[in-house]
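The values are calculated or read from the model by the stated rules, or taken from the named source; none is laboratory data. Values in this document were obtained by computation on a predicted structure and should not be read as measured data. Don't worry about glycine lacking a Cβ; one is built from the backbone with ideal geometry, like all the others, and counts go over all protein chains shown. Areas reflect the complete protein model, heavy atoms only, side chains present, ligands, DNA and RNA absent. Shrake-Rupley method; radii C 1.70, N 1.55, O 1.52, S 1.80 Å.
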Amino acid sequence: MPKEPVQLTRATRLINSGPVVLVTAWSGGQANVMAASWAMPVSSEPPLVAVAISPKRFTHALIKKSAEFVLNIPNALLAKQVKLCGSTSGDRVDKFKETGLTQLPASKVRPPLIKECVGHLECALIQAIDVGDHTVFVGQVLAAWVETGTFEGVWLVEREDAKLLHHLGGSSYCIPKGRFDV
Ligand SMILES: Cc1cc2nc3c(=O)[nH]c(=O)nc-3n(C[C@H](O)[C@H](O)[C@H](O)COP(=O)(O)O)c2cc1C
């Protein structure tokens, strides 16, 4: 099959489609939530995750101040709320109020869990690396939670409530079709 070049400004989209997360951050009594698709695991022992956040985001300032964040994992039923969290800024809008998403206290960090999400990673910031136009925040996972019945070592994506939301880019999303073992 022939290959065709991809514009470099679009190149990251070739591996963009991990599950979208809702990053919660907190500072000085104020909590905020933003959508992020540039998140990934980077170590299993210790468990470390990374998320790339632009310095333009309000969330960036909050994580810098508090050195904590939570990656909340929404299912596809929350696509509209994800879009809102990814298109308005917490320095102007209370996104919890706007979306109706509910804050729950986390067990180890101050940023809240989002009740409506099916998974949560509570993270302590261990490194912030400025790369290009984003900062890669590396967090150590201090506690992790899933909604009962949705995860057995792997997400049970055949269940409607475990169909995670994957961001292809722009306004396009997809959901997992099914699970198979090889
Ligand atoms: C699906 C989706 C994924 C996004 N992924 C990222 C990301 O990985 N990193 C980032 O800096 N911004 C990302 N954004 C943009 C931010 O979510 C957006 O700028 C948001 O309004 C920032 O909110 P804040 O200013 O309250 O922190 C994404 C937006 C959407 C809709």
- request: Kindly report the accessible area of segment 16-174 per residue (heavy atoms of protein chains, probe 1.4 Å, no ligands, DNA or RNA), in Å².
  value: 49 Å²
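Add +1 for every Lys or Arg and -1 for every Asp or Glu among the other residues with Cβ under 14 Å from the Cβ of LYS115, and state the total.
-3
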field: Amide H contacts of LEU113 (H built 1.01 Å from N, under 5 Å, at least 5 apart or other chain)
entry: LEU104, ALA106
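Given the rule -39500 (n - 2.57) for each run of at least 4 DSSP H residues, summed and divided by the residues of the chain, what is its mean residue ellipticity at 222 nm, to the nearest 500 deg cm²/dmol?
That calculation yields -3000 deg cm²/dmol at 222 nm.
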Charge-dipole axis of segment 3-83 as Lys and Arg at +1 and Asp and Glu at -1 on Cβ define it, positive-most pick from VAL21, PHE69, PRO5: PRO5
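Under the rule a/c < 1.5 gives rounded, and otherwise a/b versus b/c splits prolate from oblate, where does the chain land using the Cα gyration tensor?
Details: a/c = 1.39, a/b = 1.16, b/c = 1.20.
Rounded shape, in that the Cα axes give a/c under 1.5.
Ignoring trypsin sites (Lys or Arg not before Pro) that are buried or in helix or strand per DSSP, and keeping those with at most 16 other beta carbon atoms within 10 Å, what is the longest stretch of the chain between them? The partial results should precede the final answer.
Details: sites that count: LYS3, LYS56, ARG92, LYS108, LYS115, ARG159, LYS177, ARG179.
Longest run free of exposed loop sites: 4-55.
For SER17 and VAL182, what is the calculated FRET efficiency with R₀ set at 25 Å and r taken between the beta-carbons, to the nearest 0.05?
So, using R0 = 25 Å, E works out to roughly 0.80.
What part of the accessible area of the chain, given as a whole %, is carbon or sulfur when the probe is 1.4 angstrom? Display every interim value, and only then the final one.
Values: 5940 of 10540 Å².
Percent of accessible area from carbon and sulfur atoms in the chain: 56.
Just add up the charged neighbours of THR24: K/R +1, D/E -1, any other residue whose Cβ is under 11 Å from the Cβ of THR24.
Charge balance in the 11 Å sphere: 0.
Under 14 Å from the Cβ of ALA79, count the other residues' Cβ atoms, weight Lys and Arg +1, Asp and Glu -1, and hand me the total.
0
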